[in-house]
Every structure is written in structure tokens, then in C-alpha cells.
Amino acid sequence: MKDLELYKDRLFMLRQDLGRGLISQDVYDKLAGEFFIALRLNGYEPFNVKSFRERLVDFILFKYPKSIFDNAIFIILSFFIYLFGFLIGSLRPLTLILNMNSTVSNQYSSFVLFVQILMNNLRVQSISFVLSILADVPTVFTIFVNGFILGLVYSYSSYSFLDFWSLILPHGVLELTAMITSFGASLGFGYRFLKSFSRYGSYEALRKAAGTALNVVLGGSVLLFVAAFIEAYFTPSHHIDSVNKLIFSLVMLMIIIFYLTYSWLKIRRA
């Protein structure tokens, strides 16, 4: 029993070393294979519920936030591109008038709206990541257009400042966090993909960049799921006033800040 616990501890540490980039995938595969054989000989199945739970906790508390921090420069760049698009859109470059009083939620049930919002956001996120290999041009364009559309909607809105943002921020805090971090990770992967063709690049670095970008996209997908649920069921509600919606948005923002701060401190101590 003591040997079994020792093998399990070593396997868990091996997963952490791989996630932190301390060992390569080839080394992990070789050592993990030996550990898995030893574990099975001792009557332990590595892919049981406990193992999955450990990996899930490791992803939430370490891999996902670390992947965000690894792409911090590109995420900041993504934010400013989005902000630039928003500012351009808010200058009313078009002569159309948007009817803000007619919302999608009036035409569809909350569940249908939830599915449509989620699928649309996941599609934008996935396409941005896949097309990042094309010199990052499609990704930059996607970021700009998303910010531009929000700015355009804001500039033509007939709602007051408070009411408008109460219809955007409750779900927007999570949605924008997910989209901007995913866009940033896609920019980072696209940059490293191009760099891999130069004499300064390497296949190992590209594979690591792809892994960190996928971590951000996967974690962002979970945020988009929650954001779509909020947008379909909470944001359009007429039973909650604008102030309470903005308070809810502030709470969501504080949770994200606390999560990233806690993860950053945990990673630094690791």
C-alpha cells in the first residue's frame, strides 16, 4: 500500500512538471508509461475518478492561469486592439440606426437564446485560434471587429449610460475575459508559429505554445458557457434593476481578479 501511494504521488508530480514546462512531452511519456505499468501491477487504474479530479484541479488552479500569464503580452495587445475597435465604432462611422429596443430575447426562449449565444461565441473563439497561423491577420481583424461592433451599438443606443452597461456587463465581464484572453493566446500562438520557421524557433517551443493556447481556449470556453447562461437568463430580466445588475457585474469582476491573483501567487511559490 505504501508503494502504491508513492507511485501515485510521483505520477501527480510528473503531471505538474509537464504543466510547468520543466520536462518535455517525450520525457513525460517515457516516465509516465513506466509509472502506469507499475501502478497497474499494484492494482491501481491511473484514469479513475480521483485521477481525473486531480487533473481538473491542477488545470483550474495552475495550467489555465499559467497559460494566461504566459501569453500576458499578447492578451494585453488583444485588449488594446479591442478597445481601439470600440473607440472607432463609438464615433458613428456608419449612418445606420440600430433599434436597441428590439432584443433577441423577445423573439426566442431563454434556452434557445443561451444555445445561440454560446455557439456563436465558441465559433468566433475557435475560428480565431485556427486562423492565427495566417500571420495573425485574421485574429487581429476579428478582435477589432468585435470591439467595433460593441462601440457601434453603444453609439447608437437609445438607452442611458447606466442602462446600457447594465445590459452588457453582467455577462460581458466573463465573456470579454474569455474572448480577449483567447484572442491573445491565439495571437501568441500565431506569432510563435511564424517564429518556428526562423532559425530562432523550434518545434518544442511551438508545441508548448500550442498547448498553452489550447489551455486558454479551453478555459475560456467554460467562461463563455457561464456568460451565455447569464446573458440568456439574467441580463434581459425586467425584475432586476440596472444598479443591481451592475453590482453583480462588479462582483464577477472581483472574483476574476481574486482568482488570477491567487493563482499568480500560487504559481510563484511553486
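Readers should treat all values here as calculations from the given coordinates under stated rules, not as data from a laboratory. The structure presented is a predicted model; accordingly, all values stated were derived computationally and were not measured. So basically every Cβ, Gly included, is an ideal-geometry build from the backbone, and we count neighbours across all protein chains shown.
Measuring between alpha carbons in the structure, the pairs from LYS63/LYS266; LYS30/LYS266; LYS66/LYS266 lying more than 18 angstrom apart are LYS30/LYS266.
Out of every Cα pair in the stretch 63-269, what percent are spaced more than 29 Å from each other?
Across the stretch 63-269, Cα pairs with separations above 29 Å total 28 percent.
Phi angles across the stretch 246-254 convert, under the Karplus curve 6.51 cos²θ - 1.76 cosθ + 1.60 with θ = phi - 60°, into 3J(HN,Hα) values of 5, 5, 4, 4, 5, 4, 4, 5, 5 Hz, Gly and Pro given as x. Within the stretch 116-223, the trypsin sites (Lys or Arg not before Pro) that combine a DSSP coil assignment with at most 12 other C-beta atoms in a 10 angstrom radius are ARG199. For ALA228, neighbours were defined as the other residues whose beta-carbon sits under 14 Å from its Cβ, and their charges (Lys and Arg +1, Asp and Glu -1) total -1. Loop-resident chymotrypsin sites (Phe, Trp or Tyr not before Pro) (DSSP state other than H, G, I, E or B) in the stretch 217-270 with no more than 15 further Cβ atoms inside 10 Å of their Cβ: PHE234.
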